[in-house]
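What follows is a short report on a single structure.
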Amino acid sequence: MSPKESGGWDQLSKELKERIDRLPRQPGVYLLKNREQTIVYVGKAKDLHSRVRSYFTRSGDTRAFVPRLARLLGDVETIVTENEKEALLLENTLIKKHQPRFNVNLRDDKNYLVLQLDPTSEYPRLEVVRKMGADHRWYFGPYHSAASCRETLRIVNRHFKLRTCTDHVLKSRNRACLQHQIGRCLAPCIIDVDKEIYAEQVKDVSLFLKGQKETLLQQLRERMRAASETLNFERAAELRDQIESVERTLQGQQVVGRPDVDQDVFGYYREGGAIDFAVLTIRNGKLMGRRGYSFSGQEFPDQELVSSFINLYYARDADIPTEVLIPIPLEDVDAKANWLRELRQKAVQILLPLRGDKTRLIKLAQRNAQSNFQTRRSRHTDLHSALSQLQKRLRLNNYPRRIECYDVSGFHGQEVVASMTVLLDGELAPREYRHFRIKTLAGDDFSSLYETLSRRFRRAASDDPKWAMPQLIVIDGGKGQLSVAQAALKDAGLNKESVKPDLVSLAKERGEDNAAGEERPERVFLGGVKEPLRLRSNTSELYLLTKLRDEAHRFAITHHKKLRRRKTLRSALDDIEGIGPKRKRQLLKSLGSLKGVRQASYEELQAVPGISSKAAEAVFRYFAGSETPTEE
């Protein structure tokens, strides 16, 4: 193995190297332990040897904890399974049992609510429970918040008149409660209620909770007609009111999918190590609810995060639908589908939509995840944590409250510009952005960068509060660009520690992206450090730096293109004989743009105020290359 591929392999003990080399090439689960023999990560693999071995190659795993494994790892334990599905099940069990620090864990089971109805009871009662059982009872849900679950229960109690009291109260009550007095309960506690009528109400509740609106309304209308035919007008009036209430309640339910298919739709949104998941529950084509989950410090690749989350979500006795829609491709789809089919006792499809209505559902789930991320998380806390981590990771002297990034853009030395973009308390601050028109004749990136930073530092030396020095300056480039920035800072004479910023440069690893389409890792060059620091994928500090660098690149390119368009426009009209500055302004003002001038007819050009027939002819022939137009 070459040094370039060694990763952390050379840092492992001889005993560990031999143990890893002897790992079986079979499916199973591996447990990574630290030197105190505490399990820090549980994973599954089709090939245990290849998977664990990949952690210690530079081109292998990119998760946050991988670079630390060589220092942390004390032992590797494996459990061989018959197939990948068994490995998946065992992985879930071990994660819940050991709760390793580097695995995704769902810890909010207490908020998982469903509605339960026991049809075998003498007078069934709808109640809230926390888990579904493998029994004869009917379960409805899950409900993605306690508020939505209890609101549904309130609607049922209002319109379907099932008892709300417990079995103990039912047997001991000697007079009707307030619910009966206001017409919301049949009071089976003291009244001999017809069990067939009560059973009808129970079936109606089931249809209502399943969202089977048409079936429910059809049955209610048939009973209303039957009551009218037997002259039981009081009962018919009650059914009429119930129909109106059900129609009004179900009217707001949006149809988003096929009525014959139940679906769970998974979406996620992340910024660095902070990630939110959203699960949309669609039953009988109707959106029944959404549930959000938030995690911090998760620096895993997206595919593994989504895969682990889905495993743990359905391992908690969740209601399994016909279809599960996922936002990105996963390696273990077949094993997941087989596992879910066994749990549901019916076929389950896991689909990655590429077009059509199902892609619309995925986008809806993604928007919900983003909305949850932006509204429910503590934005200030997340950003403060990210900035603190950035300071620690880059060994900065200053807490980076204000970060400026510089990029140079030009084309063969023409219209060279530099951009300055700003992160203020972790957020992009467009009002603080600046452009610099480069005056240096050399035209190379190094001299352009030196000029830009020199001008910026001179303004900082003028004590203008608008140009106060930032805590961190990021340069788009490598070691050479960093040296130029250091020289500009030194020549500016800003050597006071109170105003001296930290300087770093950011560049991608040399070479091409790998075959899997993964981008090359980012490198950060630090002053006085020979080797660059390689930032781990999906970390908060990498997210902040790349967001700022990409914004600087966009800002510079946009301004450069704008200047080139202006120059092209000026040079095109300046080349036409008889068109001076005044006529040029008039043409652009009347026709809107250079494109409008180019596409204008001779008559349109002649109609422009201040443009003579001769000038109009010159412009028309320049752009159209035609003979002298004839006037009709």
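Please find, within segment 461-477, the residue that is surrounded by the fewest Cβ atoms within 10 Å (Cβ to Cβ) out of those that are out of contact with any Lys or Arg (no Cβ under 7 Å at 6 or more places or on another chain) and of a type in the set (Val, Ile, Thr). Walk me through how you get there before you give the answer.
Within segment 461-477, the subset out of contact with any Lys or Arg (no Cβ under 7 Å at 6 or more places or on another chain) is 461-466, 468-469, 472-473, 475, 477.
Checking which are of a type in the set (Val, Ile, Thr) leaves us with 473, 475.
Details: ILE473: 25, ILE475: 28.
Among those residues, the one meeting the criterion is ILE473.
Collect the residues in segment 171-198 that are in a helix (DSSP H, G or I) and either within 46 Å of the chain's Cα centre (by Cα) or crowded, with 17+ Cβ neighbours inside 10 Å (or both), keeping them in residue-number order.
Passing the criteria: GLN179, HIS180, TYR198.
Can you name the number of the only condition in (1) in contact with a Pro (Cβ under 9 Å, 6 or more places away or on another chain); (2) free of Cβ contacts under 8 Å to residues at least 12 places away in the same chain that ARG344 fails?
(2)
Here are some residues: LYS358, LYS392, LYS363. Which one is within 19 Å of LEU506 (Cβ to Cβ) and at pLDDT 85 or above?
Unique residue meeting the criteria: LYS392.
Look at segment 350-359 and say how many of its residues are loosely packed, with under 14 Cβ neighbours inside 10 Å and part of a helix (DSSP H, G or I). Lay out the reasoning, then the answer.
Step one: of segment 350-359, the residues loosely packed, with under 14 Cβ neighbours inside 10 Å are 354-357.
Subsequent filtering for residues that are part of a helix (DSSP H, G or I) retains 357.
Total satisfying the criteria: 1.
When the residues of segment 112-143 are filtered to those that are of a type in the set (Ser, Thr, Tyr) and at pLDDT 70 or above, which remaining residue is surrounded by the fewest Cβ atoms within 10 Å (Cβ to Cβ)?
Of everything passing the filter in segment 112-143, THR120 is surrounded by the fewest Cβ atoms within 10 Å (Cβ to Cβ).
So which residues in segment 202-214 are surrounded by 13 or more Cβ atoms within 10 Å (Cβ to Cβ) and either at pLDDT below 75 or not charged (D, E, K, R) (or both), if there are any at all?
Correct list: VAL202, VAL205, SER206, LEU207, PHE208, LEU209, LYS210, GLY211, GLN212, LYS213.
Quick one: in segment 309-344, which of the residues that are under 21 Å from the mean Cα position of the chain (by Cα) and in a helix (DSSP H, G or I) is modelled with the lowest pLDDT?
Step by step, filter segment 309-344, then rank; the result is LEU312.
Given the condition outside the structural domain of MET420 (by TED's automatic domain parsing), modelled with pLDDT under 85, surrounded by fewer than 12 Cβ atoms within 10 Å (Cβ to Cβ) and at positive phi, answer yes or no: does some residue in segment 522-542 qualify?
no
Report, by residue number, each residue of segment 489-519 that is among the small types (Gly, Ala, Ser) and modelled with pLDDT of 90 or more.
Residue satisfying the conditions is SER505 alone.
Listed here are the residues, each with its yes/no results for (1) modelled with pLDDT of 80 or more; (2) assigned by TED's automatic domain parsing to the domain that holds VAL128; (3) under 26 Å from ARG290 (Cα atoms); (4) among the β-branched types (Val, Ile, Thr).
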residue	(1), (2), (3), (4)
HIS180	no, yes, no, no
LYS195	no, yes, no, no
GLU200	yes, yes, no, no
LEU220	no, yes, no, no
PHE233	yes, yes, no, no
GLU238	no, yes, no, no
VAL246	no, yes, yes, yes
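Give the residue that is farthest from GLN486 (Cα to Cα), with candidates limited to residues of segment 416-455 that are touching a residue at least 40 places away in the same chain (Cβ under 8 Å) and assigned to a helix (DSSP H, G or I).
SER448
The values are calculated or read from the model by the stated rules, or taken from the named source; none is laboratory data. Bear in mind that the values here come from a model prediction, so they are computed numbers and not experimental data. Virtual Cβ from ideal backbone geometry, glycine too; neighbours counted across all protein chains shown.
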